[in-house]
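The values are calculated or read from the model by the stated rules, or taken from the named source; none is laboratory data. Small disclaimer: the values here were computed from a predicted structure and weren't measured. All Cβ positions, glycine included, derive from the backbone under ideal geometry; neighbour counts span all protein chains shown. The area values use the complete protein model at the heavy-atom level, side chains included, leaving out ligands, DNA and RNA. Shrake-Rupley method; radii C 1.70, N 1.55, O 1.52, S 1.80 Å.
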Amino acid sequence: QLVALHVAGDRWRIAGSINAPAHRNWTAIAIAAGRALLLDEVGLLYELDTDSGRWRGPFQLFGGGIWRGLCVDGVGRGLLALAPRGTSDNLHTSAPGQPELWRFEVPAPWDPVPIPQTPEFFEQVF
């Protein structure tokens, strides 16, 4: 189960909960406009329609479990994903030791087009 918390006075309170795919260790959640995208420790991305509670996925992001963070970019359907240093070594795009931020677009909610899963759909922004 996923549990949402909020602060009430000086204490944390449960705001609500929803069933989630079982046996996942979530590393990041991005929520915007009635849609949530959840990332687990092995690089699987799940989509949740927060209004209906319907799930879609998983989709394997390229690189597997390298991803450590996820957020909505605020410009449309883009997501930013954080990877540890050295992720792009195989792509020869970053200096060793530098954290990496990657941007990719996700289809409109429930679009039959899958979430991008290969490097050509990802753009390194930092």
Rank Leu101, Leu82 by accessible area, highest first, at a 1.4 Å probe radius? Leu82, Leu101
Full-extension gain between Ala4 and Arg103, please, as 0.36 nm times their residue separation minus the C-alpha to C-alpha distance. 33.0 nm
By per-residue mean of other Cβ atoms within 10 Å, what is the highest-first order of 14-23, 30-39? 30-39, 14-23
On full extension of the chain, what length is gained from Ile14 through Ser52, given 0.36 nm per residue of separation minus the C-alpha to C-alpha distance? 11.7 nm
